[in-house]
Ligand SMILES: N[C@@H](CCC(=O)N[C@@H](CS)C(=O)NCC(=O)O)C(=O)O
């Protein structure tokens, strides 16, 4: 969907939170400009940027005069404003709450149990500094969350039924790195089938399946 005005996301493509926003926007059919900000690109601590995002983090959305930070808030705004009120982010508030409980779980429990405790330790930390016992304990804790996901996905294609919703964006963007990094994973057929289902979506391939070597510690 081309909006009459330009919508911009500030944030580097290698940021998982930027990836969630760009993927979700693409699933909504939105045509959004993305500007590289953060990490090697810098630009996230300028006075102009800090007015939009006082935390100096990415992503930040600009839609006309409105700026929004926090990826989940951005996605809810885009889905509420530009969605069609259908499966992705329904107008009915009970249906929405059923989706939002999983979106919120993904944001506050699932993703935080992966990003710093596993991804950063395996990819962004040198071998010498990586405590392997700690990493294994972190993987085991994350596996517990994947067990809940395995139960939820049993008998359905997506987290909240047979259509993609906001909950899938919040959960699914984490899975690319989980399945890509060099670790031992327990077999979990339902989550694996779900990941393959997501991997076939062009918007997922374009915005989430992005090489992260730029983030890698040279001695990881
Ligand atoms: N809760 C925030 C977290 C934002 C965040 O931590 N962003 C990271 C990238 S994923 C960041 O800005 N890192 C600094 C940088 O890229 O320079 C959100 O979901 O938007």
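What about residue 18, is it in contact with a helix residue (DSSP H, G or I) (Cβ under 8 Å, 6 or more places away or on another chain) and within 16 Å of the ligand (Cβ to nearest atom)?
Spelling it out, residue 18 is indeed in contact with a helix residue (DSSP H, G or I) (Cβ under 8 Å, 6 or more places away or on another chain) and within 16 Å of the ligand (Cβ to nearest atom).
Collect the residues in region 58-75 that are part of a loop (DSSP other than H, G, I, E, B), within 8 Å of the ligand (Cβ to nearest atom) and touching a residue at least 24 places away in the same chain (Cβ under 8 Å), keeping them in residue-number order.
58, 59
Which of the residues that make up region 149-164 are in contact (Cβ under 8 Å) with a residue 40 or more places away in the chain and part of a helix (DSSP H, G or I)?
If the condition is that a residue be in contact (Cβ under 8 Å) with a residue 40 or more places away in the chain and part of a helix (DSSP H, G or I), then 149, 150, 152, 153 are the ones that fit.
Scan region 2-13 for residues that are under 24 Å from residue 171 (Cα atoms) and either at pLDDT below 95 or within 8 Å of the ligand (Cβ to nearest atom) (or both) and jot them down.
11, 12
Please count how many residues of region 28-57 are under 30 Å from residue 216 (Cβ atoms), assigned to a helix (DSSP H, G or I) and more than 12 Å from the ligand (Cβ to nearest atom).
Residues that pass the stated criteria total 2.
Answer yes if at least one residue in region 81-94 is within 16 Å of the ligand (Cβ to nearest atom) and either surrounded by 19 or more Cβ atoms within 10 Å (Cβ to Cβ) or more than 14 Å from residue 167 (Cα to Cα) (or both), and no otherwise.
Scanning region 81-94 turns up no residue that is within 16 Å of the ligand (Cβ to nearest atom) and either surrounded by 19 or more Cβ atoms within 10 Å (Cβ to Cβ) or more than 14 Å from residue 167 (Cα to Cα) (or both).
Among the listed residues 113, 103, which satisfies the condition of being under 18 Å from residue 181 (Cβ atoms), surrounded by 13 or more Cβ atoms within 10 Å (Cβ to Cβ) and within 15 Å of the ligand (Cβ to nearest atom)?
Result of the check over 113, 103: 113.
List every residue pair whose Cβ atoms sit under 6 Å apart, with the two residues 6 or more apart in sequence or on different chains, where the first one lies in region 19-48 and is under 12 Å from residue 7 (Cβ atoms) and without any contact (Cβ under 8 Å) to a residue 40 or more places away in the chain and the second, anywhere, is within 12 Å of the ligand (Cβ to nearest atom) and outside any loop (DSSP other than H, G, I, E, B).
Cβ pairs passing all conditions: 32/9; 34/9; 35/10.
Do the conditions hold for residue 12, that is, is it surrounded by 15 or more Cβ atoms within 10 Å (Cβ to Cβ) and part of a strand (DSSP E or B)?
So residue 12 does not fit the description; no.
Any chance you could count how many residues in region 165-220 are over 27 Å from residue 135 (Cβ atoms), within 14 Å of the chain's Cα centre (by Cα) and not in a helix (DSSP H, G or I)?
1
The values are calculated or read from the model by the stated rules, or taken from the named source; none is laboratory data. Treat the numbers as computed from the prediction; the structure is a model and nothing was measured. As a convention, Cβ positions derive from the backbone with ideal geometry for all residues, glycine included, and neighbour counts pool all protein chains shown.
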